[in-house]
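Here is the structure we will look at, set down as structure tokens.
Nothing in this text is a laboratory measurement; each read-out follows from the coordinates by a stated rule. For clarity, every value in this text was computed on a predicted model and none was experimentally measured. For neighbour counting, all protein chains shown are included, and Cβ atoms are generated from backbone atoms with ideal geometry for every residue, glycine included.
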Amino acid sequence: MEIKFSGHRALVTGAGKGIGRDTVKALVGAGAEVVAVSRSSEDLESLVKECPGVQTICVDLADWSATDTALSSIGPVDLLVNNAGVAILQPLLAVTEEAFDRSFAVNVKAALHVSQIVVRQMIDRGVSGAIVNVSSQASQCAIRDHSVYCATKGALDMLTKMMALELGPKKIRVNSVNPTVVMTDMGRIGWSDPKKAETLLNRIPLGRFAEVEDVVQSILFLLSDKSSMINGSCLPVDGGFLAC
């Protein structure tokens, strides 16, 4: 199944590394013009070297006013991937106010705010659109030391459903992808200990963690017209973890 985005313009947050970076490259490869957003200027500079022509915006999306300023002149956007996220892992009784506030600011508030900015111009232009929020299996399953992270992803899932409900009549579809552990560079470092990985792997019927490509291809499908009747869904990319 070939997916093409020629004539479309996409915005991807958290585009400097991992899922976001590979999503940018996949969208470019499928013919889209792409705006890549990250808080790391170094990551954006290296991304442009790999994908000449990508427009970049460097901003900390946790800062509401800075985001307004940075995205004020982005131009038309048809496709949005809210991928920016942080994972600050702490035991429940050790959760700090700073970690709580930062996690919700990036994982939930930023997705809402960027969506507001993009959707307003979609509506003004009278066009249809598609949004994918990058959530996690942690939205639906408690994982030790992930209290705040799980809570943010649970909130993001419900935000996805509310966006689908309110934006559907405007012909703007909203869905999420909910991967298990993904083998990004960070994922490989965090889950390289076989003893730590075994507990989670034993709950995945396919017996492996997700590769970045698994998630990226799911995002592209949900952005495309191939999923034109899918709206408000939270798509597990977890090898069956949530089925058990």
Practice task
With springs only between Cα atoms under 10 Å apart, run a GNM on the chain and tell me which of C234, C150, C141 wobbles the most.
Solution key: C141
Practice task
Could you work out the Rg to Rh ratio of the chain, with Rh taken as the Kirkwood radius (inverse of the mean 1/r over all Cα pairs)?
Solution key: 0.95
Completion exercise
Dipole check, the chain, charges on Cβ (K,R +1; D,E -1), about Cα centroid: among G16, V181, L206 the Cα furthest to the positive pole belongs to L206
Problem - Simple Cβ-charge dipole of the chain, Lys/Arg +1 and Asp/Glu -1, about Cα centre, in debye nearest 20 - result: 500
Handout entry: Net length gained if the chain between L89 and I189 were fully extended (0.36 nm per residue, minus Cα distance)
Key = 34.6 nm
Completion exercise
Checked against the positive end of the charge dipole of the chain (+1 on Cβ of Lys and Arg, -1 on Cβ of Asp and Glu, about the Cα centre), the farthest of F221, P194, I57 is F221
Practice task
Give me the lysines in straight-line cross-link reach of K25: C-alpha distance below 29 Å, same-chain residues under 8 apart excluded.
Solution key: K4, K17, K49, K109, K153, K161, K170, K171, K226
Completion exercise
Cα-Cα pairs in the stretch 23-65 separated by more than 18 Å, as a whole percent of all pairs, come to 26
Exercise for the section: Could you give the spread of the C-alpha atoms of the stretch 77-209 along their three principal axes, from largest to smallest, in whole angstroms? Expected result: 53, 37, 24
Handout entry: Diffusion constant of the stretch 150-244 at 20 °C, which comes from Stokes-Einstein with the Kirkwood Cα-pair radius and 1.002 mPa s, µm²/s
Key = 147
Problem - Theoretical gain in end-to-end length, T69 to E211 [0.36 nm per residue, Cα-Cα removed] - result: 47.7 nm
